[in-house]
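To start, the structure itself, in structure tokens.
The values are calculated or read from the model by the stated rules, or taken from the named source; none is laboratory data. Note that the structure is predicted; figures quoted are calculated from it, not measured. Every residue, glycine among them, receives a Cβ derived from its backbone with ideal geometry; neighbour counts consider all protein chains shown.
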Amino acid sequence: MSRTSSMRRRSVIPASLISIAGLLLVIVTPFFTPANLAAQDSSAVPVSASSNVYAITGAKIYTLAGPVIENGTLVIRDGKIAAVGAGLAAPPDAQVIDAKGLEVYPGLFDPITGMGLGEIDQVLSTQDTAETGDYNPDIVAATAVNPSSVHIAVTRAAGITHVLSVEGVGAIDSRSGGGLLAGQASAINLAGWTMKEMAIDKSVAMALYWPSLSTAEYDEVSSSLKHKPYTEVKEAYDKQVNDLSDWLDRARHYAQAVEQGSPAVYQRDLKLEALIPVVQGKQPVLVFADTARDIRNSVEFCAKQNLKMILAGGAEAWKEKILLKQKNIPVILDPTMRLPDEEDFPYDKPMTQPAELVAAGIPIAFASFNTDFSRRLSQQAGNAVAYGLSRDEALKAITLNAARMFGLADRLGTIEPGKMANVIVTDGDVLELRTQLRYLFIQGKLTSLDNRHLQFYEMYRKRPKPSAQ
Amino acid sequence: MSRKIIGTLALLSALIPTAALAQSFPEVTVIRDATILTVSHGTIQHGSILIRDGKIAAVGKDVAIPAGATVIDAAGEFVMPGIVDCHSHIAVDGSVNEGGVAVSSMVNIHDVLNPDDIVIYDDLAGGVTVANVLHGSANPIGGQTVVIKLRWGKPASELPFEGALPGIKFALGENPKESNFRPQPPTPIRYPASRMGVEETIRQAFTEAREYKKTWDDYDRRKAAGEANLIAPRRDLKLDPLVEVMEGKRYVHAHCYRQDEILMLIRVANEFGFKVRTFQHVLEGYKIADEIAASGAGGSTFSDWWAYKMEAFDAIPYNAALMAERGVVVSINSDDAEEARHLNQEAAKAIKYGGVSPEEALKMVTLNPAIQLGIDNRVGSIDVGKDADLAIYNHDPLSVYGVAQKVLIDGQVYFDRSHDLTQRAALEREKQALVDKEKKAAEDEKKAEEKSAKEPDQAATKKSAKKKNPDQRKPEPINTEPPQAGALSEGGTR
């Protein structure tokens, strides 16, 4: 219905939402400004307990750093994991949570969202998801993340303790377009009074939307594909890639000037400054590309430029397994809940691809590529297990793997002493649809599971029966 | 990435095997040793289902296997009724909207069914056997709609669900008032542009339809009385379907979000003496579940979609459970070819959000939508006499790990996962052979072209005849004569 072939397919599910209306949502124009719409969510802040020491006892603990611990104890102290093991005694100063029959996992990590950057897709005034212009390496997602966004508490209730907010993800103000070098992605915890408390690392990657060489573009007005001549597309593509190379070259020269010269010999340039860790290979580039050709081109480009690449999307990554393995490039996969990307692909390709990539030795992670559907993260992973991925790999793909990709694995991703205590306690398999979340810790704080959806549920459940008229 | 390119290859790969599969299936089949989720009367462990002439002939633990029957050994796997998707836009050729007018009741989705739409197969592979194919939501009163069975491989004429009442799409709120995609100047804004105008558009149309119906009723009465020289009233294709609505011959499926607009349509329906059959999306249904239940309308909603537009901001995943709790017949639908592939999983969320029982959850994608579409005497549960529309899963379909293995419609296997898997290598080879053939043809042509460029003068005219068309020619050597017109036209095709 609504397979788009926009130059950048940033979000898979929003495209399908177009068909809710079956309508053509070309222009988003603001006709109302819901003031403080987001700010009404009183549950967006964590509940601080009096104690900062917790012992979760009697649980089945999936540390993801070793074998599953049956009847295990997890001790959290001062925001960190203090100890984990079977038969550990709870420290005397700990608040004890009896978790007999429950399961403990590292908090889930959705590494591609627009969390806090956009509230309501079609309400333009709520969107801070993207900037105008093609080159915005200096902008930082965390700057615009609204700590009171209703999405934060809703997402948290699905066991997601931290996310990456990435420019260009979610609904996009059509005036901006978002560009090629879209900005710096921020790793944030889904609890905190201010961004200062929420931020894990405000700059973990540079988002790059790879220019697509696709000649076919979905035209929403006619609900059909429009074809552009290859030469025309290639010309525009070459120009964009050349510009991108120029930017990186200038950043290298700038880095040299900064290193060797005094401020007197160069003029400070915030955009080039932001690119220094990128050209030095210290900060990964999160490259959005889907087709085999775009993947090949972007991989080749990043190799030539000595950039540390993470592939985002990778709809046809299965066609480039050898290349991705050879260049050691991890992939954050488009949601498993999507249609096959071409009509003649197997109907289950989106679900089988994760297992296929893992078998080829390529690290993968799942992501929502969205904000509204972040809470479907574990369902994405579960679907991949149904189609051949091992459950252990699926769990890592929603916790540890993305933490590794973004250099956060020293702090997050497993349950090991010394790591940040982002931990969830469930009443069953975290990948299963019916499983309920019982407790959630962010930075060692027992955090509220209340959210706007739950509040409405409880409120309207109590509505008295209306009198007959 | 687009799947809109309908190539020969795609059709070859998807169409042929399954179509052949369905046609060759025998008349008596037994599914044995299955965990049968009847939906209507509990779960039967190690049970069998006897299928005769497309209908369920027997269900239970002790079903004798007739001689000559084809046996499907489920080996303990789960069988559930085929999923009924109460809100779909699959199998539609082109746009689902006729948005130029506020009342587009004259158009009919039935007229644009496309049996080659690959998503029919995709959804079938997700256990869906019936879909309510709706017009879009561009108008307060939209186009006519049709219920289909996902008989992949059959022509368009064999898709509609025989005997199912047709429907019509209504739409309330942001879409019909065009809030999110308002035409830009010089295109004028279409009436209505507010929820007030949406109500008036519907009232106006039914006021006209009531007058129209009266004119026809008068005519029919006088004609029946034997009055001579009568002139029949003028046929109005816009009003005919609305008269059918008032006569209860056509179901209203109303796209809606906010509680106020839902109550508005209930009032208008009462005023004109018709019933709304289903409220679609109905994301604020939980706020007025009692009123919806009292009106007799069903609620067909999403599992957990929210925040994609202002009117979806109060959407909560507890909606299905809350409406059901107050007596509304609730279904969970897809509105999307992808979402339809895992409606069984979406149903499971009603257990998580609001605590409905597993059987009630399954009903939300089987029996309840069948009731909403008035086809529950035919489909929606595993009961004797109903159509053998069944889906076999390797695990509990309410688990994320459940994968559909076989899907039957009218007792015939239309999807078989093992068959799909075994066909892949052959299809891949066939596709490669076609690609190679195409490549070789292109190379031969190129070679011929190069050869001709090198040929001495006298051969130029002859060889250039092979060229595809003049625009693609390489520049001719200066001393070579240009090809003659006759030669070119002759060589314009391959």
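Answer yes or no as to whether A:ASN451 is more than 30 Å from B:SER295 (Cα to Cα), surrounded by 22 or more Cβ atoms within 10 Å (Cβ to Cβ) and within 11 Å of chain B (Cβ to nearest Cβ). Against the criterion (more than 30 Å from B:SER295 (Cα to Cα), surrounded by 22 or more Cβ atoms within 10 Å (Cβ to Cβ) and within 11 Å of chain B (Cβ to nearest Cβ)), A:ASN451 qualifies. Considering the range A:197-314, the qualifying strands (runs of 3 or more DSSP E), each wholly inside and each with 1 or more residues that are within 28 Å of A:VAL163 (Cα to Cα), run over A:199-209, A:285-289, A:309-313. Checking every residue in the range B:221-237 against the condition of being at pLDDT 95 or above, crowded, with 21+ Cβ neighbours inside 10 Å and farther than 27 Å from A:THR371 by Cα gives zero matches.
Okay, residues lined up against (1) touching a Leu at 6+ places or on another chain (Cβ under 8 Å); (2) acidic (Asp, Glu):
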site: A:GLY382; (1), (2): yes, no
site: A:VAL385; (1), (2): yes, no
site: A:ASN401; (1), (2): no, no
site: A:ILE415; (1), (2): yes, no
site: A:ASP427; (1), (2): yes, yes
site: A:VAL430; (1), (2): yes, no
site: A:THR435; (1), (2): no, no
site: A:TYR439; (1), (2): yes, no
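Could you tell me whether the range A:272-291 includes any residue that is surrounded by fewer than 14 Cβ atoms within 10 Å (Cβ to Cβ) and over 24 Å from the mean Cα position of the chain (by Cα)? No, the conditions are met nowhere in the range A:272-291. Say whether the condition of being within 20 Å of the chain's Cα centre (by Cα) and surrounded by fewer than 20 Cβ atoms within 10 Å (Cβ to Cβ) is met by at least one residue in the range B:377-397. Within the range B:377-397 (the criterion being within 20 Å of the chain's Cα centre (by Cα) and surrounded by fewer than 20 Cβ atoms within 10 Å (Cβ to Cβ)), the answer is yes, since at least one residue qualifies. For the range B:279-321, filtering for residues that are part of a helix (DSSP H, G or I), more than 7 Å from chain A (Cβ to nearest Cβ) and of a type in the set (Ser, Thr, Tyr) leaves 1. Give the residue that is nearest to A:LEU339 (Cα to Cα), with candidates limited to residues of the range B:322-364 that are facing chain A (nearest Cβ under 8 Å) and among the small types (Gly, Ala, Ser). Among those that are facing chain A (nearest Cβ under 8 Å) and among the small types (Gly, Ala, Ser), it is B:ALA337.
Counting residues in the range A:346-354 that are at the interface with chain B (Cβ under 9 Å from one of its Cβ atoms), of a type in the set (S, T, N, Q), on the phi < 0 side of the Ramachandran plot and touching a helix residue (DSSP H, G or I) at 6+ places or on another chain (Cβ under 9 Å) gives zero. Restricting attention to the range B:100-148 and to residues that are among the hydroxyl-bearing types (Ser, Thr, Tyr) and more than 9 Å from chain A (Cβ to nearest Cβ), the residue that is nearest to B:ALA347 (Cα to Cα) turns out to be B:THR129. Of the listed requirements (1) at positive phi; (2) more than 14 Å from chain B (Cβ to nearest Cβ); (3) not charged (D, E, K, R), A:TYR439 misses just one: (1).
No other residue among A:LEU408, A:LEU412, A:LEU433 is in a loop (DSSP other than H, G, I, E, B) and within 12 Å of another protein chain (Cβ to nearest Cβ) apart from A:LEU433.
Cβ-Cβ contacts under 8 Å between residues 6 or more apart (or on different chains), taken from a first residue in the range B:398-413 that is away from chain A (no Cβ under 14 Å) and surrounded by 21 or more Cβ atoms within 10 Å (Cβ to Cβ) to a second residue that is part of a loop (DSSP other than H, G, I, E, B) and of a type in the set (Phe, Trp, Tyr), are listed as B:GLY411/B:PHE25. Just one of the listed residues (A:GLY361, A:GLY407, A:GLY382) is in contact with a Lys or Arg (Cβ under 8 Å, 6 or more places away or on another chain) and either of a type in the set (Val, Ile, Thr) or not assigned by TED's automatic domain parsing to the domain that holds A:TYR62 (or both), and it is A:GLY361. Going through the range A:361-405 one residue at a time, which ones are assigned to a helix (DSSP H, G or I), hydrophobic (A, V, I, L, M, F, W, C) and either within 21 Å of A:VAL154 (Cβ to Cβ) or touching a Cys at 6+ places or on another chain (Cβ under 9 Å) (or both)? Listed by number, the residues that qualify are A:LEU377, A:ALA381, A:ALA402. Checked against the criterion of being at negative phi, within 14 Å of chain B (Cβ to nearest Cβ) and of a type outside the set (Lys, Arg), the range A:183-202 has no qualifying residue. Take A:SER125 and decide whether it is away from chain B (no Cβ under 14 Å), surrounded by fewer than 24 Cβ atoms within 10 Å (Cβ to Cβ), under 30 Å from B:ASP314 (Cβ atoms) and modelled with pLDDT under 95. When the stated conditions are applied, A:SER125 does not pass them.
For B:THR201, the criteria (1) modelled with pLDDT of 95 or more; (2) in a loop (DSSP other than H, G, I, E, B) hold in every case but one, which is (2). Per this entry, B:ALA442 is not counted among residues that are under 26 Å from A:GLU343 (Cβ atoms) and under 21 Å from the mean Cα position of the chain (by Cα). When A:ALA171, A:ALA182 are checked against the criterion of being outside any loop (DSSP other than H, G, I, E, B) and either in contact (Cβ under 8 Å) with a residue 24 or more places away in the chain or within 20 Å of B:TRP306 (Cα to Cα) (or both), A:ALA182 stands alone in meeting it. Looking only at residues in the range A:363-395 that are buried (at least 24 other Cβ atoms within 10 Å of the Cβ) and more than 14 Å from chain B (Cβ to nearest Cβ), the one that is nearest to the chain's Cα centre (by Cα) is A:ALA367.
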